[in-house]
Amino acid sequence: PVLDVTQCQNLQPRGPIEATSCDYETVDYVKNALYESLKGLVKIPFFRYIQMDMYRGCPFWEESAMCTEPTCSLDTVDEQEIPDRWRMKTLSKVDHVTNYDKLAGCYYRDSDFCYLEDPKVGDYFDLSQIPERYTGYTGEGARQIWRSIYEENCFSPSSLQSSSDLLNEAQTCLEERVYYKVISGLHASISTHICLDYLNHTTGEWTPNLNCYITRVASYPERLEYIYFNTVLLLRAVARLGPHLFLYDYAEGADSAAVALRLNNVLGIAHEAGKFDEKALFGGINAQALKEEFKHHFRNVTRIMDCVDCDQCRLWGKVQTMGLATALKVLFELDETSLSRSPDANPLQRSEIVALFNTLHRFSESLHAVDIFRRLARQNDASE
Ligand code: FAD
């Protein structure tokens with residue numbers, strides 16, 4: 001698309017958000033407070049360490065050339081730095097696993113929307129030290145991943161159509177649209193981060209790149225709408241978790257009172273804006289079959305992440321698909337009884353909570369970035 005800075009300034013969605021009883025204005029009203037609370041929260045040890053098996057390999061096709069740029073690489077954390085009780089290996093196995101995939105080392109519980117990580121394999125990462133930003137990972141390899149993810153839009157084999165075709169299609173069911181919005185919103189949020197923290201190859205500086213943002217996001221208003229959509233979905237999951245969140249022990253290496261305050265802030269916001277209407281989905285005649293199909297395809301998306309040929313992108317891809325899968329599980333699989341159980345009963349692993357909060361932080365950061373891009377567009381306009 002032609003670069004037009006007014007597109008950036010005018011990009012202000014308004015009115016109700018589909019499948020929710022929330023509107024864009026409410027999200028705008030809470031987004032700064034949400035971002036500030038999450039920014040502090042994801043720095044504490046509980047939320048920043050995660051274990052991931054980064055080298056499971058791509059089960060779907062021959063991997064293409066790996067991104068060898070330094071910007072793609074990733075530092076691990078020594079296991080000794082991880083508080084003992086969070087070490088996955090001390091937990092020794094994933095409990096309640098009911099299904100093993102044909103693919104080695106891949107398993108899930110019936111309630112899962114993602115493949116679980118094998119605690120016996122994998123490294124620890126400090127998410128607070130790993131930015132999501134421009135890495136230089138691009139080309140046919142990256143595009144193939146996105147294509148495959150959109151092809152997983154399970155309900156319509158013709159889903160390769162453009163978003164507007166898909167959404168205008170009269171027969172498109174709500175579940176199908178939700179799936180598409182979740183994926184497209186994730187894609188838009190990743191693009192926003194790439195453009196926000198972009199490497200200017202001429203000066204060697206990391207700066208926001210307005211042109212990049214306009215071309216990838218602002219020229220397609222629905223993409224920003226889906227970032228809002230995902231934010232509401234994730235907030236709804238946090239609101240549903242509610243008291244369950246206080247059953248975890250965040251004290252290790254953190255000020256408990258400060259953590260409780262931030263957590264309460266996020267929960268308050270979640271109750272105000274997290275009004276995703278999960279009861280509107282999976283209610284028809286084939287509800288169970290449709291839900292199983294949805295889960296199966298979303299699990300595949302989490303597996304496709306193993307095909308991302310850039311370590312840093314793959315880590316954030318895995319974390320965020322796990323975060324979204326956790327939100328879907330909380331909304332569609334966990335009842336009040338399981339949510340009232342202690343974490344020891346394993347309704348959710350710690351890593352699922354970590355992924356959920358870090359993903360919400362990423363989306364809130366994308367909403368925050370929109371304001372930065374708007375300011376830049378205004379400055380550009382004024383200086384012309
Ligand atoms: P792409 O973003 O690759 O998009 C491909 C096509 O999809 C576009 O041509 C467009 O038709 C369509 N499309 C684009 N956005 C949307 C949307 N929101 N909704 C619907 N359709 C859309 N690169 C980095 O620099 N840093 C990262 O951290 C990073 N993380 C990544 C994580 C994953 C999981 C993947 C798959 C890729 C990641 N990449 C990352 C690569 C990055 O997303 C782009 O693929 C790359 O920058 C090339 O961009 P592009 O302009 O060719 O279009």
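We did not get these values from a lab; they are worked out from the coordinates using the rules stated. Quick caveat, the model's predicted, so the values are computed rather than measured. Cβ atoms come from the backbone with ideal geometry, glycine included; neighbour counts cover every protein chain shown.
Among the chymotrypsin sites (Phe, Trp or Tyr not before Pro) within segment 47-80, those in coil by DSSP and having at most 15 neighbouring Cβ atoms inside 10 Å are 55, 60, 61. Under a Gaussian network description of the chain, with springs only between Cα atoms under 10 Å, the residue in 14, 177, 299 that fluctuates furthest is 14. Ordering 37-45, 255-263 by mean Cβ neighbour count within 10 Å, with the highest value first, yields 37-45, 255-263. Here the relative contact order of the chain, from alpha carbon pairs under 8 Å that lie six or more residues apart, stands at 30 percent. In this entry, the chain is assigned a mean projected area of 19.3 nm², taken as a quarter of its C-alpha convex hull surface. Ranking 128, 340, 32 by Cα position along the charge dipole of the chain, where only Lys, Arg, Asp and Glu carry charges on their C-beta atoms, puts 340 farthest toward the positive end. For the chain, the mean residue ellipticity at 222 nm estimated from helices alone is -16500 deg cm²/dmol, where every DSSP H run of n ≥ 4 contributes -39500 (n - 2.57) and the total is divided by all residues, rounded to the nearest 500. When the listed pairs 31/279; 295/318; 43/295; 43/291; 181/318 are checked against a 23 Å cut-off, the alpha-carbon distance exceeds it for 31/279; 43/295; 43/291.
Percentage of Cα-Cα pair distances in segment 189-285 greater than 20 Å, rounded to whole percent? Roughly 60 percent, rounded to a whole number. Its Cα centre serving as origin, the chain has a Cβ charge dipole (Lys and Arg +1, Asp and Glu -1) of approximately 400 debye.
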